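K.L.:
Quick one: the structure is below, and I'll ask about it shortly.
The values are calculated or read from the model by the stated rules, or taken from the named source; none is laboratory data. The model shown is predicted, which means the values in this text are computed figures rather than measured ones. Positions of Cβ are generated from backbone atoms using ideal geometry, with glycine treated the same way; all protein chains shown enter the neighbour counts.
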Amino acid sequence: MQNRNQRLSGFIAVAMLCTIIISVSAIQKSSSQRQITINGAGAAFPFPLIDTWRVAYQKDRPNVNINYQSIGSGEAVKQFAAKTVDFGASDTPLTAEERQEVPAVVQIPETIGSVVVAYNIPSIQTKILKLTGSALADIFQGKITKWNDPQIKALNPGVNLTNSNIVVVHRSDGSGTTYVWTSYLSRESPSWNQTVGASKSVSWPTGIGVPDNEGVANAITGSPNTIGYVDLNYALTSNIPYALIQNAAGKWTAPSLNSTQAAVTNSPVAQHLPAGDQSWTRVQLLNSPGPKSYPIATFTYLLLYKDMSTNPGLDPAKAKALVDFIAWAITDGQKLAPNLGYVPLPAVVVKHDQDTLKLLTFKGTPLYTGQ
């Protein structure tokens, strides 16, 4: 009797496995035969990379078209919660409040970048200016108003600093880049932390606001004596001057692929990431140890529903096509990152992302067929 029950259990297990395999095969066949358009929206930070992925991926999968709108992390979370897009993208982990709005969500690091202090001071050359986190907090609070302020002069002996007023430029939209930037200032300045704090949108004590990274970069390059913050890829592509920042080891560090990579490599947080469906609010790459680490580095994330059938814009074939695209983006797609100013994901993070993809289903049917 016992042997009979064991055989029966074995038959049931095999039948269930066959059902899953047949379901996945049907989804794969459907997704490979029809034209599929996937719509995403989110942070400006990864837009150049996602747009490059879109073009490269369609060469391999002509039937899959990826649309991505650069609308800022704040608006992206709203659209993702409203389920008006197939996936979202944010430079910041979801807050506890946002996770309540979008339960059963997964967060997938897609690439790594850094936030750069860009400036336009006609009297000095590129990459000469040195600034600390505390000095930056005072500038963005309006406490330091002149470029030749004693605090800045002390950090830059021999540099020709003008008596001109400092014009602060910041983001006007809800921005993950702003969250990373204000989180850094909050760490560096108790005054900033107490009066302004860290968020995608803050009440700025001074300065002019413009939308998206490109807008900030254009405002700085177009006006003298300005200072602002942009993502590394925008600084590199616009050839805008950027400052050296003192890191946790006391070293003056330029933002670059190598110094951003060092920040990730040396970060204890990056080696112990939470599961993809858990809270990531404590995950930051700010002020990583090490003499070569750039202090304002960050992941940027893709947002997906764990059971993708809960998003009305997705059917099984479209969900499978989206998962396949992300599986490609976190592996082969990473080769396209360096030329655009992004750091490829370390192997440990790629493996972590692949484990997260294994959590994704469509009404119980797994969607990821990789390792």
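K.L.:
Name the residues in region 341-358 that are free of Cβ contacts under 8 Å to residues at least 60 places away in the same chain and not in a helix (DSSP H, G or I), would you?
P.N.:
K358
K.L.:
Please find, among N163, N193, the residue that is polar (S, T, N, Q), surrounded by fewer than 21 Cβ atoms within 10 Å (Cβ to Cβ), modelled with pLDDT of 95 or more and outside any loop (DSSP other than H, G, I, E, B).
P.N.:
Going through N163, N193 in turn, just one is polar (S, T, N, Q), surrounded by fewer than 21 Cβ atoms within 10 Å (Cβ to Cβ), modelled with pLDDT of 95 or more and outside any loop (DSSP other than H, G, I, E, B): N193.
K.L.:
Another question about this same structure. Return yes when S114 is in contact (Cβ under 8 Å) with a residue 60 or more places away in the chain and within 28 Å of N258 (Cβ to Cβ) and no when it is not.
P.N.:
The answer is yes for S114.
K.L.:
Then there is this: Inspect all residues belonging to region 133-151 and state whether any of them is crowded, with 22+ Cβ neighbours inside 10 Å, farther than 22 Å from R187 by Cα and at pLDDT 95 or above.
P.N.:
Checked against the condition, which is being crowded, with 22+ Cβ neighbours inside 10 Å, farther than 22 Å from R187 by Cα and at pLDDT 95 or above, region 133-151 yields at least one hit.
K.L.:
Please work out which one of (1) assigned to a helix (DSSP H, G or I); (2) at pLDDT 50 or above is the condition I20 fails and give its number.
P.N.:
Failed condition: (2).
K.L.:
Scan G364, G370 and give me the residue that is out of contact with any His (no Cβ under 8 Å at 6 or more places or on another chain), on the phi < 0 side of the Ramachandran plot and either small (G, A, S) or surrounded by 22 or more Cβ atoms within 10 Å (Cβ to Cβ) (or both).
P.N.:
G370
K.L.:
Now for a different question. Residue check: is T206 crowded, with 19+ Cβ neighbours inside 10 Å and of a type in the set (V, I, T)? Break it down into steps so the answer makes sense when it comes.
P.N.:
Numbers: crowded, with 19+ Cβ neighbours inside 10 Å: no; of a type in the set (V, I, T): yes.
Criteria not met by T206.
K.L.:
If I filter region 342-359 for residues that are surrounded by 19 or more Cβ atoms within 10 Å (Cβ to Cβ), hydroxyl-bearing (S, T, Y) and out of contact with any His (no Cβ under 8 Å at 6 or more places or on another chain), do I get at least one hit?
P.N.:
yes
K.L.:
Of all residues in region 170-190, count the ones that are among the charged types (D, E, K, R) and either more than 28 Å from A249 (Cβ to Cβ) or part of a loop (DSSP other than H, G, I, E, B) (or both).
P.N.:
The number of residues fulfilling the criteria is 2.
K.L.:
Any chance region 240-253 includes a residue that's assigned to a loop (DSSP other than H, G, I, E, B), over 20 Å from I121 (Cα atoms) and either in contact with a Lys or Arg (Cβ under 7 Å, 6 or more places away or on another chain) or of a type in the set (F, W, Y) (or both)?
P.N.:
No - not one qualifying residue is present in region 240-253.
K.L.:
Which ones in region 350-371 are at pLDDT below 95 and of a type in the set (V, I, T)?
P.N.:
Within region 350-371, T369 is the sole residue that qualifies.
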